[in-house]
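Have a look at the structure below before the remarks.
The values are calculated or read from the model by the stated rules, or taken from the named source; none is laboratory data. Note that the coordinates shown come from a computational prediction; the quantities given were computed from them, not determined experimentally. Cβ placement follows ideal geometry from the backbone for every residue including glycine, while neighbour counts extend to all protein chains displayed.
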Amino acid sequence: MPTRNPGTDFRLDWFEGVTVNTPAAERRAASLPGRRSLKKEWQAAWLLNAVRCIDLTTLAGDDTPDRVARLCAKARQPVDAGDLALMGVEQLTTGAVCVYPTMVAAAKRALEGTGVPVASVATGFPAGLMPLDLRLAEIRYALDQGADEIDIVISRAHALRGEWAALYDEICAMREACGPALMKAILATGELKTLTNVARASHVAMQAGADFIKTSTGKEPVNATLPMSLVMLRAIRDYRDRTGFAVGFKPAGGLKTAKDALNWQVLMAEELGRDWLRPDLFRIGASSLLGDIERQISHFVTGRYASAHRLAAG
Ligand SMILES: O=C[C@H](O)COP(=O)(O)O
């Protein structure tokens, strides 16, 4: 399969007929967690896989270079080395670290030589309510600081008003500004009102060349949910069937437990297949998920829960 989604011309006909049956999507999403019972070794393996797919995030007003450096230390070694060795795993890092543009340089320094990419939010994160030229300038600033990946936010107003061509043009401009850097398009699904809008915005973002579509900023009142994710995954599948290009998926916002990490992986496996469960096609955006995963892995390895001081925050 070709590596990077180049986007397409604007194709309204690919999605204007799409309407989502919300109760059916909710029923399907609710049935998913029970569809695979992941026991012991398998569960531990899936949790390790979740770790390598985490975009370990800090997006807080009081972020400092020191906090970012601590987060990066966690990204370099997200799970206790002894626990990993007992599981026969030599090396494990998170998928990326995700920060604000002014924190990119600190993250790059802290991750030097590790191969862990630095993702920066941009384009007026989280609301996106800034003139387009300033939003594009912010992408260029983040890249200049060394960002490897850019998480853009869409203009919700375009989606809410059905201005799909305008949304397409905006995202195309952002993708051009990103150049070779991976671009993740945050749809802010909790603010799009309907699952039909979520489906349509997903199509537009992929047509405009998004490498990933991402649910949420973590700042909306409703963040990642399984029904919204299901709708986005179906759009990814449809786009792949039409174009042959695989677009990645990033649930983000409010994911805090190992159970969340397992549920979203089951959803991916059921809808797109196990092949999609790798960092170039799947990321989990989270600021406070790693702690619980680490706790569950430690429990698997030692048979008891570690005391809090043994597990660094994350
Ligand atoms: O992109 C990642 C999100 O901002 C993280 O949200 P969270 O703090 O709810 O985990």
Quick one: how many residues across the range 9-28 are in a helix (DSSP H, G or I), surrounded by fewer than 14 Cβ atoms within 10 Å (Cβ to Cβ), touching a residue at least 24 places away in the same chain (Cβ under 8 Å) and among the charged types (D, E, K, R)? 0
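Given the criteria away from the ligand (no atom under 16 Å from the Cβ), closer than 30 Å to residue 297 by Cα and either aliphatic (A, V, I, L, M) or under 15 Å from the mean Cα position of the chain (by Cα) (or both), does residue 226 qualify?
On the way: away from the ligand (no atom under 16 Å from the Cβ): no; closer than 30 Å to residue 297 by Cα: yes; either aliphatic (A, V, I, L, M) or under 15 Å from the mean Cα position of the chain (by Cα) (or both): yes.
So residue 226 does not fit the description; no.
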Of the residues in the range 136-184, those that are within 16 Å of the ligand (Cβ to nearest atom) and touching a residue at least 60 places away in the same chain (Cβ under 8 Å) number 4
Read through the list (1) in contact (Cβ under 8 Å) with a residue 12 or more places away in the chain; (2) over 23 Å from residue 175 (Cβ atoms); (3) not acidic (Asp, Glu), then give the number of the only condition that residue 233 fails. (2)
Which members of the range 91-115 meet the condition of being under 20 Å from the mean Cα position of the chain (by Cα), crowded, with 21+ Cβ neighbours inside 10 Å and more than 16 Å from the ligand (Cβ to nearest atom)? 93, 111
Please go through the range 241-255 and pick out each residue that is more than 13 Å from the ligand (Cβ to nearest atom), touching a residue at least 12 places away in the same chain (Cβ under 8 Å) and over 11 Å from the mean Cα position of the chain (by Cα). 242, 243, 244, 245, 246, 247
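Sort out which residues of the range 185-211 are within 16 Å of the ligand (Cβ to nearest atom) and under 26 Å from residue 31 (Cβ atoms), and write them in order of number.
So in the range 185-211, the residues within 16 Å of the ligand (Cβ to nearest atom) come out as 185-191, 205, 210-211.
Correct list: 187, 189, 190.
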If we scan the range 15-33, do we find a residue that is within 16 Å of the ligand (Cβ to nearest atom), at pLDDT 95 or above and at negative phi? no
